[in-house]
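The values are calculated or read from the model by the stated rules, or taken from the named source; none is laboratory data. Nothing here was measured: the structure is a model prediction, and the numbers come from that model. Because the Cβ atoms are built from the backbone with ideal geometry, glycine has one as well, and the counts that use them run over all protein chains shown.
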Amino acid sequence: MAIFHFTVKIVGRSKGKSVISASAYLNGDVMKNEETGRISYYTSKKEVVYTSLMMCENAPPEWLHVPEENIKRFQQSIRYKRADDKDAALEKFKITFQKQRLWNEVLKIEKNADAQLGRSFEFSLPKEWSRQEQIDYTTEYIQKTSVSDIVVLHQNDEDTAHYVDSIGFQQVPEFLQEQQTPVFDKLPPEQQQALSDTVQDTLQMLVDADKRIYGDVTGKTLEAIAAQGYSYKDGQLEKQQPEATPDSLLTGETVRTPRGNFHITDMSREQIEAAGFGFHHASEDGKYLIMGNGTQAYAIAAEQPQRDNPLKHVEDTIEQNDNNFDGLINNTPQTPTVADFEQRAKAGEAISVTDLAKAVKAEKREQPQKKPSILKKLDEYKKQAAQQPKDKQKEHKKDLEV
């Protein structure tokens, strides 16, 4: 059995330690501190036998994204070419890149001189265990102990909020700060309308003054218009509509996934991505996508797959051009007709005599041959039958005269 050993170390700014350098050392790899530009190299550390990254469920999904250009650059490096197991080397590079992104994001948020950036756990494991048993136990232990919550204590008629985890706690007074409601939202509807009309009238006065003095609206006035939530287009002031947010389009329904309950918002994927949300996971039935931004998550309806076009194979066979399959057979761009050329000529446009001749031939070729009706044929047959005896009499008289 190994000798019991358990140590927890705090990596903080107060002691001048670098969380990027500490992570690179433990990972046995290369990491860059975007705050200082310093690069930490620990690739010669060969005793690292396993590394992984466990992110919380509401972490931004883009933190796990490794750009393709970074992967290609690594695959061209000597370290990758010399690796015995290239798949394992590439997987380790991706994990290191994700850790680098995580710790750089921490540095962007924790700016205080006494900020605690991370904690390092060091403990011994029984030598009798296999490597996989050691990895499984360590993973399970980290998952169980990485539990945190916000606790509010009421002492001496005061409420204090604390961030608490398995190691300690830290006070977070901003948790109890009341969200300030704009004064405008507290006014009755009629006063809000009256104030809005006053603002619009004032802006219109500025526009009229600029036109009278300068001949056009100045940049300062346009800035004032934008600051009040208006836009100036085609000589008119228009109230800009507020951008749609997930909260403003909630349907009142929720969807449950193995990771929790999520409110459904009536936004498209393009709209919610434009609002800063990224894909996190999908519901088990595939009907909803869970979109998160690191602090909030909502459910949106998944786009239904397009049905196969039943005419696709027909178009593929007889389509005369390379247009997209759109359910229309033979949708070749139409050749201009004689009428089209006449309209162009009347409008004063130049036309091609060759194209006009082609259009005339095409119309003659497309004109169907009219078939005589049955009644008309019967009338012709009757006339022929009535004339036939007379013709024979005339021939007989001619023979007698001869």
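Going through (1) farther than 15 Å from Gln100 by Cβ; (2) not in a loop (DSSP other than H, G, I, E, B) one by one, Glu62 falls short only on (1). When Lys94, Lys81 are screened for being surrounded by 15 or more Cβ atoms within 10 Å (Cβ to Cβ) and of a type outside the set (A, V, I, L, M, F, W, C), only Lys94 passes.
From the list Phe97, Phe121, Phe93, the one residue that fits, being hydrophobic (A, V, I, L, M, F, W, C) and under 25 Å from the mean Cα position of the chain (by Cα), is Phe97. So which residues in the range 53-72 are surrounded by 14 or more Cβ atoms within 10 Å (Cβ to Cβ) and among the polar types (S, T, N, Q)? Asn58 - this is the single residue of the range 53-72 that is surrounded by 14 or more Cβ atoms within 10 Å (Cβ to Cβ) and among the polar types (S, T, N, Q).
Which one is surrounded by the fewest Cβ atoms within 10 Å (Cβ to Cβ) among residues in the range 336-352 that are in a helix (DSSP H, G or I) and of a type outside the set (S, T, N, Q)?
If we filter the range 336-352 for residues that are in a helix (DSSP H, G or I), which is where we start, we get 338-346.
Of the ones still in play, those that are also of a type outside the set (S, T, N, Q) are 338-342, 344-346.
Numbers: Val338: 12, Ala339: 10, Asp340: 15, Phe341: 18, Glu342: 12, Arg344: 14, Ala345: 12, Lys346: 8.
Checking each candidate, the answer is Lys346.
Within the range 97-124, restricting attention to residues that are among the charged types (D, E, K, R) and part of a strand (DSSP E or B), which residue is nearest to Lys17 (Cα to Cα)?
Filtering the range 97-124 for residues among the charged types (D, E, K, R) gives 99, 101, 105, 108, 110-111, 114, 119, 122.
From what's left, part of a strand (DSSP E or B): 119, 122.
Working: Arg119: 12, Glu122: 17 Å.
Within the range 97-124, the match that is nearest to Lys17 (Cα to Cα) is Arg119.
Scan Thr265, Thr254 and give me the residue that is touching a residue at least 40 places away in the same chain (Cβ under 8 Å) and in contact with a Phe, Trp or Tyr (Cβ under 7 Å, 6 or more places away or on another chain). Step by step, each of Thr265, Thr254 is checked, and only Thr254 is touching a residue at least 40 places away in the same chain (Cβ under 8 Å) and in contact with a Phe, Trp or Tyr (Cβ under 7 Å, 6 or more places away or on another chain).
Return the total of residues in the range 242-265 being among the charged types (D, E, K, R) and modelled with pLDDT under 85. Give the steps one after another, and end with the answer.
Keep residues of the range 242-265 that are among the charged types (D, E, K, R), which gives 243, 247, 253, 256, 259.
From what is left, the residues that are modelled with pLDDT under 85 are 243, 247, 259.
So the count comes out to 3.
Once the range 18-47 is narrowed to residues that are free of Cβ contacts under 8 Å to residues at least 60 places away in the same chain and out of contact with any Lys or Arg (no Cβ under 9 Å at 6 or more places or on another chain), the residue that is surrounded by the most Cβ atoms within 10 Å (Cβ to Cβ) is Tyr42. Can you name the residue in the range 225-248 that is touching a Phe, Trp or Tyr at 6+ places or on another chain (Cβ under 9 Å) and among the aliphatic types (A, V, I, L, M) and, of all such residues, is farthest from Glu273 (Cα to Cα)? By that ranking, first place goes to Leu237.
Among the residues of the range 46-73, the one identified as aromatic (Phe, Trp, Tyr) and at pLDDT 80 or above is Tyr50. Applying the criterion of being among the acidic types (Asp, Glu) and modelled with pLDDT of 80 or more to the residues of the range 111-128, the residue that is surrounded by the fewest Cβ atoms within 10 Å (Cβ to Cβ) is Glu128.
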